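Since every read-out is calculated from the coordinates, none of them should be taken as a lab result. It should be emphasised that the depicted structure is a prediction, and the values quoted were computed from it without experimental measurement. Heads up, the Cβs are rebuilt from the backbone with ideal geometry, glycines too, and the neighbour counts pull from every protein chain shown.
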């Protein structure tokens, strides 16, 4: 049975995966434009979706994430050595505190980029753990096939 929008469940999953793929590529391109080497992880790596190759670049990556997020926050004081970014291509599902805790517990994530909303409790948890979050990333910024 198809949904109200005439798409099958598989069509929705494929569309979400394409957005995820394109957002990961967009992030890697942004980092490369800044001279930062990053790579896409594979095999459902539990550490995250994008790995920053040189830990010395982590403060610059955090600055770039804050610029994308639109926050002007001093990032030089952060001692994090987490080198992975997580991408969530949810449009109808919110990132809640349960998912935020799962990301925090990975202990590898420095940033979360989501196409959907992040709840206030989840934002607080992420902020307290010094994980930079970006919500409602516009899919229109991404190339698609």
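A few notes on this one:
- Reported to the nearest whole Å, the Cα centre-to-centre distance from the range 96-120 to the range 9-68 is 15.
- Size descriptors for the range 9-140 (Cα atoms only): Rg and Dmax, in that order, 13.9, 45 Å.
- Förster radius 35 Å - calculated FRET efficiency between residue 10 and residue 32, Cβ distance, rounded to 0.05: 0.60
- As a rough guide to protection, the peptides 99-105, 36-42 ranked by mean Cβ packing within 10 Å, highest first, stand as 99-105, 36-42.
- Theoretical FRET efficiency, 1/(1+(r/R0)^6), r = Cβ-Cβ of residue 55 and residue 90, R0 30 Å, to 0.05: 0.55
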